[in-house]
Amino acid sequence: MNRRHIISVLVENHFGVLARISSLIAGRGFNIDSLTVGETEDPTVSRMTIVTRGDEQIIEQITKQLNRLIDVIKVTDMTECAHVERELVLIKVAAPTAQTRTEVVQVVDVFRARVVDMSTATLTIEITGDSEKVDAFIEMIEPFGIKEMARTGSVAMGRERNGKSSRGVEAKVA
Amino acid sequence: MADSGTVKTADNRAFWRRDMEGKECTGAEILVECIIREGVDLMFGYPGGVVLKVFDELYARRDQIRVVLPRHEQAGVHAADGWAKVTGKVGTVFVTSGPGATNAVTGIATAQMDSVPLVVFTGQVSRELIGSDAFQETDAIGVTRPIVKHSYMIERPQDIARIVRQAYYIASTGRPGVVLVDVPKNVTFEKAVFEWAETVSIRSYKPTTEGHPKSIQRLADAIAESKRPYLYVGGGVVMANASDHLLELVNKTNIPVTTTLMALGAFPGTHPLFAGMPGMHGSKLANICFQECDLVIAVGARFDDRVTGKLSAFAPKAKIAHVDIDPSSIKKTVKVDYPVVGDAHWVLRELNKVVKPRQPNEWNRMFAEMKETHWFRYRPSTEVMRPQYVIEKIYEMTKGDAIISTEVGQIQMWAAQFYKFDRPRRWLTSGGLGTMGYGFPAAIGAQFAAPDAMVIDIAGDGSIQMNIQELTTVVENRLPVKVVILNNGYLGMVRQWQEFFYDRHYSSSVIGGLPDFAKVADAFGAKGLTARTHDDVVPVLEEGLAHPGPVFMDFHINPEENVFPMVPAGKALDEMQEEEWA
């Protein structure tokens, strides 16, 4: 069964690591929805968050192949645990009249998004949320006419309860 | 291969250590000292503009490290590959930037596909020129990224010692492979204080050597329950030097064994429980056993498509156990019931402690019966020269004790089918990538590794031309490598497929303008012999194998020979075609 998986990858913060990961994904023919990368609390370590789809066997191969790269420290499938997921999206939407502006702003309010820029013909909106929220927002705003859109891709983190963190399932070693 | 996160410097080279600790040295001095400290006393190197400082240092250290000049970088990498396979150590190659690096690419891909431990150093233009399309600049790391285990660019001379240590460690541990180290010219001139770490530890690289006791116990239980167990042994057993443990396991449990193309010699080829090689050109016996067994025990093998045939019809009655050091090999193509991640040596040793002895049963009786009828065979002839006969004679004359390398195609399959290997590390072939031009340079590496051994390259008239320039290397270095050319005037395997599947349209598979290979050898200063008829085979082999120097033996075999049995691509293992017996 094809499911959406968020895979969190801790890697050495070296030159060329991103190239290794993207080359692996392309070379093995894995499909990905998004890939983000940034520094962690330890400046020698970067976190990559990969959103991908596939059945169990494909996801297992992706995590194993990632683990096989020398620069990869740890691979975690966040989908298997309680986690928070966020993505930031900027959307420039057509709003040439006062009425459309009002309507767009109503949608923005309901989704707790923000208007961050405005011109006579457009509104630029920032929205943060998990993929479901973002997708629902885009669906609502689409009829107005989306001129441009930029998505950061998802990042995720395990939830913490009573001092115990839910760290997801570290990719199984067989 | 190594036990933990640390490696010791090879003791035998301690003598050659220079006292450089704490002293300021050039990058070239540090680099060569580190390579020597890794225990390297032989490397294959081809110089060029950006690596001259390093070759100057190699000249200064020529009493401690021998540099062999191949005639093409690809051949240099194959030679290091052959050397590594025979010695079990890490092979070393040094080439220049640009074309030096790109010529090495086929050799690198070949070694990586077959998990051969190599460290390949490529020169690089100076740092300030990188990215400017400078003369002989190529992004060697970018070009080789998908075909190496890991790669490094040395950015500062103070990083050299750490990177060289890590490179040799990574190449030789876990599932072995190729590590590429790109060395910009400026780094070889710049100075740094020499610092050497005795141990290596990489936080993101901790290969699992020790198989989990519980999963090993589950495997032992599965063997105890199985009525028809079958061992499917791959190259991992050779790499891990686990042949003795394998033989002990078989002696204890009487389980029949097939070894993949890469693993020939991991289990004695003359053992009664040996099923031969499996797969597309495997023995009928080996393939039928897959289809009839109830437990496949894969050790260090990877369920290659050339072995399994049509996946959905592979081993239909069997549960699958898979022992491999590379977790990503497990469940890559087939569903696995009993996975064990670990080094084959470790796992087999531990398995032998817990596995219950098993007496021969009905399965063994069936196996012994099938071995009589389902083994490799060919119709003998005195009218035409059959290639299988040539291989059989080589086997008899060398008493099965030669180191055999091969090129790729029909000749590779005949050699695999008709030469029986009783010991590991005597068989060098490009299994994964299937590289024509591999065998001759690999034989050169093997002869350096085992100077007194009989080293024979089994070649075709097509493939020998892919690295024939190495005749100069064998003559210059007085290497008594023997090359057997099974000459049919075709790219034989391509022709065979065209005969079967493309209406006999021999498109580009006819090799016109063939030279007289004996004269070619003669022109290079080697010995050349030609066998034109069946009756010439034995005298030519006798003369050629007895000659103390390098020899080309050109055998004009029956041109339209085919390799049988054959499981056509995409068919199940029991849908094999066999030679017609008129």
- Note on the structure: To the nearest 20 debye, segment A:84-155 has a Cα-centred charge dipole, built from +1 on Lys and Arg Cβ and -1 on Asp and Glu Cβ, of 240
- Task: Name the residue farthest towards the positive end of the dipole of the protein assembly as shown from the options A:Ser154, B:Pro539, B:Val250, assuming +1 on Cβ of Lys and Arg, -1 on Cβ of Asp and Glu, about the Cα centre.
- Result: B:Val250
- Message: Just want the answer: with Cβ charges of +1 for Lys and Arg and -1 for Asp and Glu, which residue in B:Ala344, B:Ala402, B:Val179 is farthest toward the dipole's positive end in chain B?
- Response: B:Ala344
- How high is the relative contact order of segment A:84-155, in percent, with contacts defined as C-alpha pairs under 8 Å that are six or more residues apart? 51
- Note on the structure: Listed by chain and number, the aspartates and glutamates with an alpha carbon less than 18 angstrom from that of B:Lys571, same-chain partners under 8 positions apart left out, are B:Glu292, B:Asp304, B:Asp305, B:Glu499, B:Glu579
- Query: On average, how many beta carbons from a partner chain sit within 10 Å of the beta carbon of a residue in B:327-336?
  - Reply: 4
- Query: Roughly how many nanometres apart are two label points built 7 Å out from the Cα toward the Cβ at B:Ser381 and B:Asn558?
  - Reply: 0.3
- Query: Under unit Cβ charges (Lys, Arg +1; Asp, Glu -1), what dipole magnitude, rounded to 20 debye, does chain B have relative to its Cα centre?
  - Reply: 1480
- Quick one: putting +1 on the C-beta of Lys and Arg, -1 on the C-beta of Asp and Glu, what dipole do you get for chain A around its Cα centre, in Debye to the nearest 20? 240
- Using alpha carbon centroids, what distance separates segment B:484-553 and segment B:215-284, in Å? 34
- Query: With contacts defined as alpha carbon pairs under 8 Å and 6 or more residues apart, what's the relative contact order of segment B:213-373 in percent?
  - Reply: 30
- Message: Using alpha carbons only, how many angstrom separate the centre of segment A:107-155 from the centre of segment B:166-189?
- Response: 48
- Item | Helix-derived mean residue ellipticity, 222 nm - over chain B, DSSP H n ≥ 4, -39500 (n - 2.57), to 500 | -10000 deg cm²/dmol
- Cα long-axis angle, helix A:56-68 against chain A (0 to 90 degrees, to the nearest 10): 70
- Note on the structure: With a Förster distance of 30 angstrom and the Cβ-Cβ distance between B:Asp337 and B:Glu362, calculated FRET efficiency to the nearest 0.05 equals 0.85
- Across segment A:6-11, in residue order, what do the Karplus-derived ³J(HN,Hα) couplings come to in whole Hz, using 6.51 cos²θ - 1.76 cosθ + 1.60 with θ = phi - 60° and x for Gly and Pro? 9, 10, 9, 10, 8, 10
- Task: Return the subset of B:Lys331/B:Lys399; B:Lys214/B:Lys335; A:Lys74/B:Lys319; B:Lys89/B:Lys393 for which the Cα-Cα distance in this structure is over 29 Å, preserving the input order.
- Result: B:Lys331/B:Lys399; A:Lys74/B:Lys319; B:Lys89/B:Lys393
- Item | Calculated [θ] (222 nm, deg cm²/dmol) that DSSP helices of n ≥ 4 give over chain A, each run adding -39,500 (n - 2.57) | -8500 deg cm²/dmol
- So, counting K/R as plus one and D/E as minus one, what does the shell of residues with Cβ under 14 Å around B:Ser430 add up to? -3
- Item | B:Asp56 versus A:Gln99: modelled label distance in nm, points set 7 Å from Cα along the beta carbon direction | 8.2
- In this structure, the FRET efficiency calculated for B:Asn477 and B:Asp522 from their beta-carbon separation, with R0 = 25 Å, to the nearest 0.05, is 0.85
- Message: Of B:Gln388, B:Ala453, B:Ala572, which is farthest towards the positive pole of chain B's charge dipole, taken about the Cα centre with +1 and -1 on the beta-carbons of Lys, Arg and Asp, Glu respectively?
- Response: B:Ala572
- Excluding exposed DSSP-loop trypsin sites (Lys or Arg not before Pro) (at most 15 other C-beta within 10 Å), longest clean stretch of chain A: A:29-111
- Message: Tell me whether chain B comes out rounded, prolate or oblate; compute the Cα gyration tensor, take square roots of the eigenvalues as a ≥ b ≥ c, and use a/c under 1.5 as the rounded threshold.
- Response: oblate
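A short reminder: the numbers here are calculations on the coordinates, not readings from a lab. Bear in mind the structure is a predicted one, so any value in this text is a computation, not a measurement. Glycine gets a Cβ as well: all are built from the backbone with ideal geometry, and neighbour counts include every protein chain shown.
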